[in-house]
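So the structure is just underneath, and the comments pick up after that.
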Amino acid sequence: MVAPMAAATTAVRPLDPAPTREPVPDDLALAATLLTEAALAAATCVDTVATDDLIDRAARLAASCAEHPDDSSGFGPVVVDLARALAAARLGDNHLAVALHQHTACGDAWQRLPAEHRAAHLIDIARAHLDVGDHQSAGRALVTADRIAPAEVRLRPAARSALAAVLRAGPTPADLAASPPPSA
């Protein structure tokens with residue numbers, strides 16, 4: 001995982017806005033995306049310092065993106081907040097991951113994200129729910145993801161793995177038991 005982190009941080013250097021020029025919104029969004037991916041790679045490597053630094057840099061760029069009315073990238077603070085939740089889960093702090101997710105997913109910015117992004121995040125957060133022993137919330141996250149973007153749930157191996165874990169954990173929400181299998 002060190003290679004993806006290094007690749008992302010190397011790729012972002014030419015995009016980092018120089019203090020002497022007005023940043024281009026697309027460059028900001030791309031740089032913030034790369035920093036977010038590097039932060040997630042750092043979290044996978046359990047490098048807390050690098051994770052925090054990279055995600056904070058991405059947050060600053062995301063705030064700049066939000067200030068540009070002509071920004072059509074769709075990148076903004078909500079994306080960074082969701083990445084913080086995923087990074088927390090990768091670092092083993094699943095309670096924090098769930099709390100960050102719950103805080104972020106209740107806002108309007110969450111609803112404006114592409115359906116596939118929301119569904120993919122819900123699949124990831126389902127694993128965090130499972131890791132804290134809350135299989136009911138994990139099941140609800142998978143059902144919600146399936147309603148938002150069925151292909152994400154039915155085609156992603158992570159979704160099938162989470163669904164299998166939810167089903168093994170015991171009684172499931174009725175919606176989950178009635179949902180078509182993810183391999184369908």
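Among the residues of segment 141-152, those identified as assigned to a helix (DSSP H, G or I) and under 25 Å from GLY76 (Cβ atoms) are ALA141, THR144, ALA145, ARG147, ILE148, ALA151, GLU152. What about ASP81, is it at pLDDT 95 or above, part of a helix (DSSP H, G or I) and under 23 Å from CYS106 (Cβ atoms)? Answer is yes for this residue.
Of the residues making up segment 35-67, those that are among the small types (Gly, Ala, Ser) and open to solvent by 10 Å² or more (accessible area, probe 1.4 Å) are ALA50, ALA59, ALA63, SER64, ALA66. Each residue in segment 29-46 was checked for being among the hydroxyl-bearing types (Ser, Thr, Tyr) and either over 13 Å from PHE75 (Cβ atoms) or modelled with pLDDT of 95 or more (or both), and 1 pass. Answer yes or no as to whether VAL78 is over 25 Å from ARG168 (Cα atoms) and of a type in the set (Val, Ile, Thr). In short, yes.
When the criteria are applied in full, SER179 fails the requirement of being more than 15 Å from the chain's Cα centre (by Cα), at pLDDT 90 or above and of a type in the set (S, T, N, Q). Restricting attention to segment 101-133, the residues being more than 27 Å from ALA59 (Cα to Cα) and surrounded by 18 or more Cβ atoms within 10 Å (Cβ to Cβ) number 1. All of ASP93, ASP26 fail the test of being modelled with pLDDT under 90 and either out of contact with any Ser or Thr (no Cβ under 6 Å at 6 or more places or on another chain) or within 22 Å of HIS117 (Cβ to Cβ) (or both), apart from ASP26. Within the set ALA109, ALA105, ALA141, ALA120, the sole residue that is farther than 13 Å from LEU82 by Cα, hydrophobic (A, V, I, L, M, F, W, C) and under 15 Å from the mean Cα position of the chain (by Cα) turns out to be ALA141.
The selection criterion, being at negative phi, open to solvent by less than 30 Å² (accessible area, probe 1.4 Å) and part of a helix (DSSP H, G or I), holds for ALA138.
The values are calculated or read from the model by the stated rules, or taken from the named source; none is laboratory data. Computed from a prediction, not measured in an experiment: that's the story for all the values here. Reconstructed Cβ throughout: ideal geometry from the backbone, glycine too, with neighbour counts over all protein chains shown. Surface areas here come from the heavy atoms of the whole protein model, side chains and all, with no ligands, DNA or RNA. Shrake-Rupley method; radii C 1.70, N 1.55, O 1.52, S 1.80 Å.
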